[in-house]
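The structure appears right after this line, and notes come after that.
No lab work stands behind these numbers, since they all come straight from the coordinates. Quantities reported herein were computed from a predicted structural model and do not represent experimental measurements. Glycine gets a Cβ as well: all are built from the backbone with ideal geometry, and neighbour counts include every protein chain shown.
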Amino acid sequence: MSLNVASGKLVAANTVDWNEFIPDKLVPAIFDTVYMVSVTMVIAGLLGLVIGALLYTTRQGNILQNRPVNIFLNLLVNFVRPIPFIILLAALGPLTSMVVGTRLGVNAAIFAMCFAATFAIARIVEQNMVSIDPGVIEAARAMGASKLRILFTVMIPEALGPLILGYTFLIIGVVDMSAMAGYVGGGGLGKVALVDGYQRFNDLITWAVVLVIIVMVQLIQLIGNVLARKVLRR
Amino acid sequence: MSVASTPAPQASEDMVVIENVSKVFKSGKENLTAVDNVSLTVRRGEIFAIIGYSGAGKSTLVRLINGLESVSEGTLTVAGHRISGQKESALREARQNIGMIFQQFNLMNSRTIAGNIEFPLKVAGWDKAKRRARVQEMLEFVGLGDRAKYYPDQLSGGQKQRVGIARALATSPSLLLADESTSALDPETTQEVLGLLKKVNDELGITVVVITHEMDVVSSIADRVAVMEKGKVVEMGNVYDVFSNPQTDVARRFVSTTVKQAPNAFEAAELKRRHRGYLVNIEITEGNTGIGKVLSYLGNRGVHFNIVQGGLETLQGKSYGNLTLELLGDITSLDAVVAELATVTTVKEVRS
Ligand SMILES: Nc1ncnc2c1ncn2[C@@H]1O[C@H](COP(=O)(O)OP(=O)(O)OP(=O)(O)O)[C@@H](O)[C@H]1O
Ligand SMILES: [Mg+2]
């Protein structure tokens, strides 16, 4: 491929053998992306939920009120959140190779994605939980419920509708990250778009990938909306 | 139960004992004393009202009773168990014996009505079959037997408060705290909910503490009342005694919301303009037959009278209030009549 670019003689081949491209490239890439996004969402979804719930419950006047912990978590989240993902990918390189064993490939990408998504999810979880009616929590306390019970059986269910929408928003962000991860050797749709599309001047392939990503995002949003509506009963 | 095994009468008669309790909120360098050296006792089986204007410290005081706030000073016990100075884990247990209902109902929107009532039973560790039976029993008790599967946002305010009451009573507590439980409701629904609280007290024998700023709430259900102002209890006693003979300005202001008080200077001027006779205001209390006797002999003295202003109310089956009378006759007879009235009730000359 570098030959094509270097020689500059070959004009972008805007033709694609779909019978070959779809089963050999596109479908495995879709699976890779779905795999990366799912694993990231499970890991970052849980870690983010824990950090977000802690951000919320350690606030002044809340059930786990703890100023030092709250300040620390806020600083941590604010430190990681503004770093553009593409730079975070590179910056995390040494840590990634320590934890995953390599800086390249799908698993290396997942590590960086988990890192970024955890903190993004933490903020979204916190923001959605802030809107819980404090009176409901007070009622649960008045009934003698423990803090953990309040967190899991009152706070999270009460915020579930907005939480689902928040997570949906983030899955889409993670799909975006997974595409970027293709740039540093992660697999999936991002890699196909980059290597087979962009670098070979094959716009058709790039657009095919874009189309697949759009369809995925639409599907995710649709499922998120349906679930949230079910939970909110509207 | 043998006499020997019953606890000391003091311990069994008192549900809530509050002794010299204060609550100070610290925000930055400012200290705010929300409850200021309050001592009071709520007796087992009574409906005890705490009335006061906004910011008087009523909510803070009830939240001290179930330990949602910790006391800054003093001691507090509920059913003989100490609440003040207890750890959160001990308080959790105590709270299962204390139900609470709220102005904004505070139901969980993510659960059905049945789910809301079931919640405290889960907290208390009841098994599923018992929980289900109890939820249905409570729903019937509050008259919502057919609404188990509804969600709170599908109910009216009055129905929501009924659910709140069912939820608060599910674990059979011996004390129910009601913080402004009818303030968000219209007058008719208020009466329904108050009727339900009365039923809770009568039929289940549950002691009820109601917090309110509405005199009607006190007069329709309470046995005893404490009047709060600026964190202090300024008046306390039997509802009839406090409101037929208020000692403080706050109490008088509350009484005046239900029963017309003796005319103020402006009203007096207006009355004087319209009535040429001698105007006196007399206090009416239950069982005072002296006033009637005095009035029935007025004719013999050449004096007659008109009732020109006043208000009467019944509390706990007893009347109280006051009437302004216009007395017509010659000066000496009038003086004699006023002196005679003064021997049977409190008489005030109406001056502008
Ligand atoms: N958590 C808190 N932190 C600081 N100040 C508080 C807190 N809770 C209550 N206060 C203050 O304590 C005082 C009494 O409040 P409280 O809510 O007990 O009044 P209230 O009699 O219930 O009034 P209302 O009728 O408006 O409900 C108020 O000045 C209030 O601002
Ligand atoms: Mg209040």
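For region B:59-70, how many residues are more than 10 Å from ligand 2 (Cβ to nearest atom), among the hydrophobic types (A, V, I, L, M, F, W, C) and crowded, with 22+ Cβ neighbours inside 10 Å?
First, the residues of region B:59-70 that are more than 10 Å from ligand 2 (Cβ to nearest atom): B:64-70.
Those left that are additionally among the hydrophobic types (A, V, I, L, M, F, W, C): B:64-65, B:68.
Applying the additional criterion that residues be crowded, with 22+ Cβ neighbours inside 10 Å yields B:64-65.
Qualifying residue count for the region: 2.
Test of understanding: among A:Thr153, A:Thr206, which residue is within 12 Å of another protein chain (Cβ to nearest Cβ) and polar (S, T, N, Q)?
On the way: A:Thr206 fails: within 12 Å of another protein chain (Cβ to nearest Cβ).
Of A:Thr153, A:Thr206, the one residue that is within 12 Å of another protein chain (Cβ to nearest Cβ) and polar (S, T, N, Q) is A:Thr153.
Considering each residue of region B:118-134, count those that are within 19 Å of A:Lys147 (Cα to Cα) and either of a type in the set (A, V, I, L, M) or facing chain A (nearest Cβ under 7 Å) (or both), and give that number.
Qualifying residue count, region B:118-134: 5.
Among the residues of region B:47-58, is any more than 12 Å from ligand 1 (Cβ to nearest atom), surrounded by 21 or more Cβ atoms within 10 Å (Cβ to Cβ) and within 13 Å of chain A (Cβ to nearest Cβ)?
In the first step, residues of region B:47-58 are kept if they are more than 12 Å from ligand 1 (Cβ to nearest atom); the result is B:47-49.
If we keep only those that are surrounded by 21 or more Cβ atoms within 10 Å (Cβ to Cβ) as well, we get B:47-49.
Remaining after also requiring within 13 Å of chain A (Cβ to nearest Cβ): none.
Within region B:47-58, none of the residues are more than 12 Å from ligand 1 (Cβ to nearest atom), surrounded by 21 or more Cβ atoms within 10 Å (Cβ to Cβ) and within 13 Å of chain A (Cβ to nearest Cβ).
Of all the residues that make up region B:69-78, how many are more than 10 Å from ligand 1 (Cβ to nearest atom) and either outside any strand (DSSP E or B) or not β-branched (Val, Ile, Thr) (or both)? Reasoning before the result, please.
Taking region B:69-78 and keeping what is more than 10 Å from ligand 1 (Cβ to nearest atom), we get B:70-78.
When the remaining residues are screened for being either outside any strand (DSSP E or B) or not β-branched (Val, Ile, Thr) (or both), the result is B:70-74, B:76.
Residues meeting the conditions: 6.
Out of B:Val255, B:Val280, B:Val208, B:Val259, report the one residue that is within 12 Å of B:Ala49 (Cα to Cα) and either away from ligand 1 (no atom under 16 Å from the Cβ) or under 14 Å from the mean Cα position of the chain (by Cα) (or both). Lay out the reasoning, then the answer.
On the way: B:Val255 fails: within 12 Å of B:Ala49 (Cα to Cα); B:Val280 fails: within 12 Å of B:Ala49 (Cα to Cα); B:Val259 fails: within 12 Å of B:Ala49 (Cα to Cα).
Every option except B:Val208 fails the conditions.
With respect to B:Ser156, determine if the residue is surrounded by fewer than 20 Cβ atoms within 10 Å (Cβ to Cβ), in contact (Cβ under 8 Å) with a residue 12 or more places away in the chain, away from chain A (no Cβ under 14 Å) and within 26 Å of B:Ser59 (Cα to Cα). Lay out the reasoning, then the answer.
Values: surrounded by fewer than 20 Cβ atoms within 10 Å (Cβ to Cβ): yes; in contact (Cβ under 8 Å) with a residue 12 or more places away in the chain: yes; away from chain A (no Cβ under 14 Å): yes; within 26 Å of B:Ser59 (Cα to Cα): yes.
Taking the combined requirement at face value, the residue satisfies it.
So that you can scan it fast, the table gives a plain yes or no per residue for (1) more than 16 Å from ligand 1 (Cβ to nearest atom); (2) part of a loop (DSSP other than H, G, I, E, B); (3) more than 14 Å from chain A (Cβ to nearest Cβ); (4) surrounded by 20 or more Cβ atoms within 10 Å (Cβ to Cβ):
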{"residue": "B:Asp146", "(1), (2), (3), (4)": "yes, yes, yes, no"}
{"residue": "B:Lys149", "(1), (2), (3), (4)": "yes, yes, no, no"}
{"residue": "B:Arg162", "(1), (2), (3), (4)": "yes, no, yes, yes"}
{"residue": "B:Ala166", "(1), (2), (3), (4)": "yes, no, no, yes"}
{"residue": "B:Ser172", "(1), (2), (3), (4)": "yes, yes, no, no"}
{"residue": "B:Leu177", "(1), (2), (3), (4)": "no, no, no, yes"}
{"residue": "B:Ser181", "(1), (2), (3), (4)": "no, yes, no, yes"}
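Can B:Thr33 be described as among the hydroxyl-bearing types (Ser, Thr, Tyr), more than 12 Å from every other protein chain (Cβ to nearest Cβ), within 16 Å of ligand 1 (Cβ to nearest atom) and surrounded by 14 or more Cβ atoms within 10 Å (Cβ to Cβ)?
yes
Go through region B:79-104 and count every residue that is in a loop (DSSP other than H, G, I, E, B), out of contact with any Pro (no Cβ under 6 Å at 6 or more places or on another chain) and closer than 14 Å to B:Leu169 by Cα. Break it down stepwise before answering.
To start, the set of residues in region B:79-104 that are in a loop (DSSP other than H, G, I, E, B) comprises B:79-80, B:83-87, B:96-97, B:102-104.
Filter once more, so that each one left must be out of contact with any Pro (no Cβ under 6 Å at 6 or more places or on another chain): B:79-80, B:83-87, B:96, B:102-104.
If we keep only those that are closer than 14 Å to B:Leu169 by Cα as well, we get B:96, B:102.
So the answer is 2.
Just give me the residues in region B:70-80 being among the β-branched types (Val, Ile, Thr) and either within 14 Å of chain A (Cβ to nearest Cβ) or within 21 Å of B:Val208 (Cβ to Cβ) (or both), in sequence order. Even if it seems obvious, please write down each step before you answer.
Just the residues of region B:70-80 that are among the β-branched types (Val, Ile, Thr), to begin with: B:71, B:75, B:77-78.
If the condition is that a residue be among the β-branched types (Val, Ile, Thr) and either within 14 Å of chain A (Cβ to nearest Cβ) or within 21 Å of B:Val208 (Cβ to Cβ) (or both), then B:Thr77, B:Val78 are the ones that fit.
Being more than 16 Å from ligand 2 (Cβ to nearest atom), more than 23 Å from A:Gly61 (Cβ to Cβ), within 8 Å of another protein chain (Cβ to nearest Cβ) and in contact with a helix residue (DSSP H, G or I) (Cβ under 8 Å, 6 or more places away or on another chain), is that true of even one residue in region B:81-97?
Residues of region B:81-97 that are more than 16 Å from ligand 2 (Cβ to nearest atom), as a first pass: B:81-97.
Now restrict to residues that are more than 23 Å from A:Gly61 (Cβ to Cβ): B:81-82, B:93, B:96-97.
If we keep only those that are within 8 Å of another protein chain (Cβ to nearest Cβ) as well, we get B:93, B:96.
Then drop every residue that is not in contact with a helix residue (DSSP H, G or I) (Cβ under 8 Å, 6 or more places away or on another chain), which leaves B:96.
Yes, because at least one residue in region B:81-97 is more than 16 Å from ligand 2 (Cβ to nearest atom), more than 23 Å from A:Gly61 (Cβ to Cβ), within 8 Å of another protein chain (Cβ to nearest Cβ) and in contact with a helix residue (DSSP H, G or I) (Cβ under 8 Å, 6 or more places away or on another chain).
Residues that are surrounded by fewer than 17 Cβ atoms within 10 Å (Cβ to Cβ): which helices (runs of 4 or more DSSP H) entirely in region B:236-352 hold 3 or more of them?
Once the helices (runs of 4 or more DSSP H) in region B:236-352 are filtered for at least 3 residues that are surrounded by fewer than 17 Cβ atoms within 10 Å (Cβ to Cβ), what remains is B:249-256, B:265-274, B:290-296, B:331-344.
Collect the residues in region A:30-66 that are surrounded by fewer than 18 Cβ atoms within 10 Å (Cβ to Cβ), in contact with a Ser or Thr (Cβ under 8 Å, 6 or more places away or on another chain) and of a type outside the set (A, V, I, L, M), keeping them in residue-number order.
A:Gln65, A:Asn66
Among B:Lys230, B:Lys199, which is more than 27 Å from B:Val24 (Cβ to Cβ) and not aliphatic (A, V, I, L, M)? Talk me through it step by step, then tell me what you get.
Values: B:Lys230 fails: more than 27 Å from B:Val24 (Cβ to Cβ).
Within the list B:Lys230, B:Lys199, the selection yields B:Lys199.
Taking region B:18-76 on its own, how many of its residues are among the polar types (S, T, N, Q), over 20 Å from the mean Cα position of the chain (by Cα) and closer than 28 Å to B:Ser172 by Cα? Let's see the steps before the verdict.
Taking region B:18-76 first, the residues among the polar types (S, T, N, Q) are B:20, B:22, B:27, B:31, B:33, B:37, B:39, B:41, B:54, B:59-60, B:66, B:70, B:72, B:75.
From what is left, the residues that are over 20 Å from the mean Cα position of the chain (by Cα) are B:20, B:22, B:27, B:31, B:33, B:37, B:70, B:72, B:75.
Imposing the further condition that a residue be closer than 28 Å to B:Ser172 by Cα reduces the set to B:70, B:75.
Here the count works out to 2.
Looking only at residues in region B:183-205 that are more than 14 Å from chain A (Cβ to nearest Cβ) and of a type in the set (S, T, N, Q), which one is nearest to B:Gly45 (Cα to Cα)?
Quick first cut of region B:183-205, residues more than 14 Å from chain A (Cβ to nearest Cβ) only: B:185-205.
Pick out the ones that are also of a type in the set (S, T, N, Q) and you get B:189-191, B:201.
Values: B:Thr189: 24, B:Thr190: 22, B:Gln191: 21, B:Asn201: 7 Å.
Among those residues, the one meeting the criterion is B:Asn201.
In this structure, does B:Gly195 turn out to be away from ligand 1 (no atom under 16 Å from the Cβ) and surrounded by fewer than 18 Cβ atoms within 10 Å (Cβ to Cβ)? Reasoning before the result, please.
Details: away from ligand 1 (no atom under 16 Å from the Cβ): yes; surrounded by fewer than 18 Cβ atoms within 10 Å (Cβ to Cβ): yes.
Spelling it out, B:Gly195 is indeed away from ligand 1 (no atom under 16 Å from the Cβ) and surrounded by fewer than 18 Cβ atoms within 10 Å (Cβ to Cβ).
Yes or no, residue by residue, for (1) within 21 Å of B:Gly317 (Cα to Cα); (2) within 16 Å of ligand 2 (Cβ to nearest atom):
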site: B:Leu175; (1), (2): no, no
site: B:Ala178; (1), (2): no, yes
site: B:Leu185; (1), (2): no, yes
site: B:Thr189; (1), (2): no, no
site: B:Val210; (1), (2): yes, yes
site: B:Glu214; (1), (2): yes, yes
site: B:Ile221; (1), (2): yes, no
site: B:Arg224; (1), (2): yes, no
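Given the conditions (1) assigned to a loop (DSSP other than H, G, I, E, B); (2) buried (at least 18 other Cβ atoms within 10 Å of the Cβ), and given that B:Leu121 satisfies all but one, which numbered condition is not satisfied?
(1)
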